[in-house]
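Let me begin by presenting the structure, written as structure tokens, before commenting on it.
Each reported figure results from applying straightforward, stated rules to the coordinates on display, with no laboratory input. Keep in mind the model is a prediction, meaning the values are calculated, not measured. Glycine gets a Cβ as well: all are built from the backbone with ideal geometry, and neighbour counts include every protein chain shown.
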């Protein structure tokens, strides 16, 4: 398929023109691809560049404050037992705003939705500084919840990369945007020191200077989205759909799942893969510390895990476009199984833990990239933002539940048992994937 056409010309995409990799379950049997999809190469490239810039800024905003949130929660509450509430509230916030942001995108476009999410995270940064200044712990929890909107915005940005993408390169474009999160995630934590210096210069309370960087980064991201996503990719795709085949009222996420087997499968793949990753990753620092690892070793191990999550996502995106979504999901689940087996047999040393967490990140990346591509093509364009929002809600809720259950399992039965329990989630995805693959080739 030649996608290098004149800017004003939409590409005609008949339903049977899917590439070889798309015949193993990606398109859900709903006629997901509209008859005419605008695939202006230059516009799509610009959209992806804008999303990359926004993701880098958003990653800086989140990375600069997430670890500080745990420290501040312990300090303001007076107990380290509350430190875990930082991640919990951030995840909860991301889950709460996922669907509203998707509805905003459907009504007003990605530009408004992504900018609103970024600004909401910026408000969270302001409230976090205020909470420390007035020493009010509940206000800090609210601030961390609003900061979670930044995570939801970053998740939605990956779907924005698919609105105008050619079916041949949809997973690739999505994965490039996912990969760009790595840059901000690496830069953000390195702003703790400069943040303290800036905070001292501005007269901010101790340990809140990094939130000033977070505020600046999220406001900059909002400006990037507001100014760069013109014309809006989702509204452009919806307009093309209206001209070619008319447009109907969008369905809600639950209604879509009830009537669309491909959508159910894609959402479950992402949610269970994320729950598996969060359960193992969230308990890894505790397990390492229990076996004598220093904070430096713990930090290095988690950094390598994060690199596994994002660094190779373009590779998985390209593979997903070339060989198909479901084969890549199988590969992702295989890597998750390796990680869980290492956790089961692990002696708690840094080497084995690092190996397991790298495979955990790689398995998550392959499964989420391929699953997200499936979510984007399981339904017509008018239903995509609803399904994407519900998918992100499910993903964050599953992650929060996985992390919440992992703690008691670790305390009662140990890290090895946690690895065995998480294998059940992998089994569900593998069996369902086999059923989907067989159905599409029947």
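Some values worked out for this structure:
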| item | result |
| --- | --- |
| Principal semi-axes in Å for region 360-442 [√(5λ), Cα gyration tensor, largest first] | 29, 18, 10 |
| Computed E for residue 350/residue 42 - FRET, C-beta separation, R0 45 angstrom, nearest 0.05 | 0.40 |
| Simple spin-label estimate for residue 135 and residue 49 in nanometres, 7 Å along Cα-Cβ | 5.2 nm |
| Burial ranking of peptide ranges 160-173, 230-243 (average Cβ count within 10 Å, highest at the top) | 160-173, 230-243 |
| Debye log10 I(q)/I(0) at q = 0.07, 0.08, 0.12, 0.13 Å⁻¹ for region 35-247, Cα point scatterers | -0.23, -0.29, -0.61, -0.69 |
| Neighbour-count order for 120, 349, fewest beta carbons within 10 angstrom listed first | 349, 120 |
| P(r) histogram, all alpha-carbon pairs of region 300-442 included - 5 Å bins from 0, percent | 2, 10, 15, 21, 22, 15, 9, 5, 2, 0, 0 |
| Order of 274, 108, 287 - criterion: other Cβ atoms within 10 Å of each residue's Cβ, fewest first | 108, 287, 274 |
